[in-house]
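This report refers to the structure that appears directly beneath it.
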Amino acid sequence: MKLTVDEQGAAAAEAEIDRAVAADKRGVQIEDPIRVPLEALVGAPERVDRLATFIVEHWEKRRSAMEGKAMVVTMSRDIAARLYEAIKALRPAWHDADDERGAMKVVVTGTADDPEPLRQHMRTKAARKRLAERFKDPSDDLRLVIVCDMWLTGFDCPPAHTMYLDKPLAGHNLMQAIARVNRVYGEKPGGLIVDLLGLADQIADALATYTQAGGTGEAVRQVQDEAVPAMLTAFEKLKSFFHGCDYAAALATAPQGALPVYLRAIDHVFGQQDGWKRFRTLVKELSSAFALAVPRPETEDVVEHLAFFQRIVAMIRKRLADDVRGGSAGRRGDIDAAVRQVIGGAVDADQVIDLFAAAGLDEARLDILSDEFLSRVAALEQKNLALETLRKLLTDQIRVTERSNLVQSKKFREALEDAMLRYTNKAITTAEMISRLIDLAKHLRDAQRHGQALGLSDEETAFYDALAENGSAKAVMKSDTLRLMARELAEMVKKMPKLDWTQRESVRATLRRNVRRMLAKYGYPPDLSEDATQLVLRQAELSTDQEVD
């Protein structure tokens, strides 16, 4: 950001210099040497206002590429406070006097004697620690911090990906500052340093010293030159992916006003071979390249398309994605992070369009297998979306069943896998596949309820199914006898002391003996007893694990 001097100021400065020169010629000593501190130039009111405008515009574009956090490093605490006021005038919603709210804060030290507007930013050590916690939390609304000396060393914030550097730094201090935003995290490909004072040479020198490679820093200057063609290539791939699906009407329209277009696009994604996997990979590629290319002019033609693509990703992940990295807590965190990456500046996670609401299933829940819900899904105009919704429904229900009933979960998982294999191999049409999945959902619902008809608890039903898994055993023995055996097995497991499955073999041996005695007592067919014993043992382990949980 260039520094300029207005004509009036230049004239006044020249007059002062002429006065000093004349005094020097007369041999008169000048009491105060004429100097203009760099801080006075950098902190000039007009420049601070221009700096605020630039940061607001650039940061909103940057967030449109990737959600995260940013730091502004200023030369002085006074500049930091005045910059905050200038940004607040442009974006009042970013300000909040409450430290628990607000999208931006100034983090500096000081005393109660400091003048306003600096005084309002004075905090205790505990209060600054709380702000640090907010800033490090990727889901917290605090997105932008303005600092002078604090948080430039020894402060780790992986979600931070942008630093606006408006303070002279060099060598080790500069590398320490850069390190605040260079952590790879989530969708973040790396950090971006926005040089506002012309520090390119210092950065190059610092990098050369840091790497001990004697480099010139050319890589720093080449990043955007490499990112732009990568961005354009990824963009072309996505446009090819959507060949045959015209989504242009959604680009200049608020998402709520273009819901049919979003539904058609999502249906198109699921209609492609490995469509969802390919689509999210391409969007990640485009997002990463775009984030590095901003604010190059080439990004202007891409930003609205990327906004559309990322909203599609967010809508799908909110309802239909099966991300299993790191367990259920990890899945929830990944989904939340993806939702927060939706383009739109101030668009929050809870404002993301719900895919089910857009499809007319606004009151539907994936854990309800009602006839009404199934019929509404079957009636969707977007058949690929209907198929994916049913697949997700069944996958989730089978996953729940796996926690309590081995026999049921195995049967339905195999049935679902068989149906999906037939569909993938084009052996059945989309309409036939939807019909199969609806029938499978109804059978799964009925299977979950059959224990109630037998007067059994869920745990007793699981043991009943294990005993009745062999059809010949069920034919030989009466249902009442199997129910008694199921209840006795459930009671046997319940009465056992807390099982330490680190001593699994000894525990299994004891339980195996007890199960065999019980099968013999009730006359379970001897030729089938070993298979039944193994299945009952696995179910007992599962039941015990659930009790421990």
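The values are calculated or read from the model by the stated rules, or taken from the named source; none is laboratory data. Source: prediction; values computed, not measured. Neighbour counts run over all protein chains shown; Cβ positions are idealised from the backbone, glycine included.
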Q | Residues of segment 122-139 that turn out to be farther than 20 Å from Ala86 by Cβ and crowded, with 16+ Cβ neighbours inside 10 Å, as a count | A | 8
Q. Looking only at residues in segment 231-272 that are farther than 16 Å from Phe309 by Cβ and surrounded by 15 or more Cβ atoms within 10 Å (Cβ to Cβ), which one is modelled with the highest pLDDT?
A. Gly271
Q: With the condition kept exactly as written, say whether any residue in segment 45-65 is hydrophobic (A, V, I, L, M, F, W, C), surrounded by fewer than 22 Cβ atoms within 10 Å (Cβ to Cβ) and part of a loop (DSSP other than H, G, I, E, B).
A: no
Q) Residues of segment 277-300 being farther than 15 Å from Ala230 by Cβ and free of Cβ contacts under 8 Å to residues at least 60 places away in the same chain, which ones? A) Lys277, Arg278, Phe279, Arg280, Pro297, Glu300
Q: Restricting attention to segment 268-302, report how many residues are over 23 Å from Phe54 (Cβ atoms) and not in a helix (DSSP H, G or I).
A: 3
Q. Ser404 versus (1) crowded, with 21+ Cβ neighbours inside 10 Å; (2) outside any helix (DSSP H, G or I): which is the lone unmet condition?
A. (1)
(Q) Filter segment 112-155 down to the residues that are in contact with a helix residue (DSSP H, G or I) (Cβ under 7 Å, 6 or more places away or on another chain) and not hydrophobic (A, V, I, L, M, F, W, C) and list them by number. (A) Pro117, His121, Pro138, Ser139, Asp140, Thr153
Q) Is it fair to say Ala265 is outside the structural domain of Ala386 (by TED's automatic domain parsing) and in a helix (DSSP H, G or I)? A) yes
Q: Report yes if some residue within segment 83-90 is more than 25 Å from Pro168 (Cα to Cα), buried (at least 24 other Cβ atoms within 10 Å of the Cβ) and not β-branched (Val, Ile, Thr); otherwise report no.
A: no
Q.
I'm checking my understanding of the structure. Among residues of segment 511-537 that are surrounded by fewer than 13 Cβ atoms within 10 Å (Cβ to Cβ) and at pLDDT 75 or above, which one is nearest to the chain's Cα centre (by Cα)?
A. Arg513
**Q.** Filtered residues of segment 407-446 (kept if polar (S, T, N, Q) and in a helix (DSSP H, G or I))
**A.** Gln408, Ser409, Thr424, Thr430, Ser435
Q) Is it true that some residue in segment 326-347 is modelled with pLDDT under 65 and among the acidic types (Asp, Glu)? A) yes
(Q) For segment 153-160, check the following and say yes or no: at least one residue is closer than 19 Å to Leu51 by Cβ and not charged (D, E, K, R). (A) no
Q: Just name the residue that is modelled with the lowest pLDDT out of those in segment 42-75 that are more than 10 Å from Asp166 (Cβ to Cβ) and of a type in the set (Ser, Thr, Tyr).
A: Ser64
Q) Before we move on, is Arg449 within 27 Å of Phe270 (Cβ to Cβ) and either modelled with pLDDT under 75 or not in a loop (DSSP other than H, G, I, E, B) (or both)? A) no
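Listed here are the residues, each with its yes/no results for (1) among the basic types (Lys, Arg); (2) touching a Cys at 6+ places or on another chain (Cβ under 6 Å); (3) under 22 Å from Leu174 (Cα atoms); (4) free of Cβ contacts under 8 Å to residues at least 40 places away in the same chain.
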{"site": "Ile79", "(1), (2), (3), (4)": "no, no, yes, no"}
{"site": "Ala93", "(1), (2), (3), (4)": "no, no, no, no"}
{"site": "Lys105", "(1), (2), (3), (4)": "yes, no, no, no"}
{"site": "Pro115", "(1), (2), (3), (4)": "no, no, no, yes"}
{"site": "Lys125", "(1), (2), (3), (4)": "yes, no, no, yes"}
{"site": "Leu131", "(1), (2), (3), (4)": "no, no, no, yes"}
{"site": "Arg134", "(1), (2), (3), (4)": "yes, no, no, yes"}
{"site": "Val145", "(1), (2), (3), (4)": "no, no, yes, no"}
Q: Scan segment 438-459 and give yes if some residue there is surrounded by 15 or more Cβ atoms within 10 Å (Cβ to Cβ), in contact (Cβ under 8 Å) with a residue 60 or more places away in the chain, touching a helix residue (DSSP H, G or I) at 6+ places or on another chain (Cβ under 6 Å) and under 20 Å from Asp531 (Cβ atoms), otherwise no.
A: no
